[in-house]
Each structure stands twice: as structure tokens, then as C-alpha cells.
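Encoded as C-alpha cells, the structure appears first; notes follow it.
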Amino acid sequence: MFRSLICVAVVAAFSLSLTAAQDVKGTGAQPGGKPLWVKIVKVDGDRVVVREYDAKTKEFGKERELTAGEKLKVFQYGKDNKQTAVTGGLKGEPFQNLGKEGAYGRLTMQGTNVGEIYLYGDQGAWQKGMQTFPGTGGIGGKGALGGQDRLSRVR
């Protein structure tokens, strides 16, 4: 009887630890969580409305509202592919003129809040960033090929 009780306690503790460690899809709550590749549609105060990119369907999903964290950092990639900090955060110049198309970006999450926003000048720069960002399957990161480039995998 005592052995059964110990086994139940161990299984319960293991199950709880798995549940606690599990990452909610798209939050990036775990350390090293995947970035969200998005199109930023609207910014209102500390709320950011985005459409998340689905790599499988190669389309943007439905609009989703996220909250900016207290220590939000915003960066913009220029034509020379160097990132610069955006002054003013969500009130900065890039968010003032989003227009119909919105802005292409990459978000990192801190828990359930947006921690960092990286803005790209256009769709081409955004796609290039997706291909070269570590962990997204591009040649710049480990991704699907486990750190190998396409040529070394074929040989």
C-alpha cells in the first residue's frame, strides 16, 4: 500500500512538472522560445495587433492582440542589415505610419507579454531574416538541418 502511494506521488509530481514546463503555443515563455514572425497590423497604447505567419501554409493567420511588456525593446533593421534601437518604443515613428499593409517583424515573448520587437523594412528583408535567423531552418541557424547547410547534407 505504501509503495502504491509513493508511485502515485512520483507520477503526479512528474506530470505536474511536465505541465509547468510546457510552452503555450506562440508565447515563447520557455527560455529559448521560438520567435514569432508576424505582420504588425495595429498598435494602440500597450496593445499590439499582429497576424502570425504560419510556415507550413505560408500565410498569415487571423489577427491576434498581444500586450507589450514593461521593459519592451524595439529595434529596426536598416538597409545595411544593422539593427538600431527605435526611440519611443510603441510610440516611435515606425508605428505611426503602419498603413494598410502593416509592418513585418519578429517578436520575442517574455511570458505572455511581448519583450522585443524587431522591425524589417519590407517583406523581402523580413523573408531574408527568417531564412538566416538561428533556429528557424535557414542557413544561419540550426533549424531543420541541425546546423548543416544544404550541400553538406547531400554529400
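So for 5, 98, fewest C-beta neighbours within 10 Å to most, what's the order?
Ascending Cβ contact count within 10 Å gives the list 5, 98.
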In nm, to one decimal, how far is the residue 63 label point from the residue 96 one, both placed 7 Å along Cα→Cβ? 2.3 nm
At a temperature of 25 °C and a viscosity of 0.890 mPa s, determine how fast region 32-143 diffuses translationally according to Stokes-Einstein, using the Kirkwood radius over alpha-carbon pairs as Rh; express D in µm²/s, rounded to the nearest whole number. 173 µm²/s
Inter-site label distance for residue 55 and residue 70 at 7 Å from Cα along Cβ, in nm: 3.3 nm
So if I place +1 on the C-beta of Lys and Arg and -1 on the C-beta of Asp and Glu, and nothing else carries charge, what would the dipole magnitude of region 32-143 be about its Cα centre? I want it in debye, nearest 20. 260 debye
Once label points are set 7 Å from the Cα along Cα→Cβ at both residue 1 and residue 46, what is their separation, rounded to one decimal in nm? 5.4 nm
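Quick note: the coordinates plus some simple rules give every number you see, no bench work behind them. Just so it is clear, the model here is predicted, and its values are computed rather than measured. Reconstructed Cβ throughout: ideal geometry from the backbone, glycine too, with neighbour counts over all protein chains shown.
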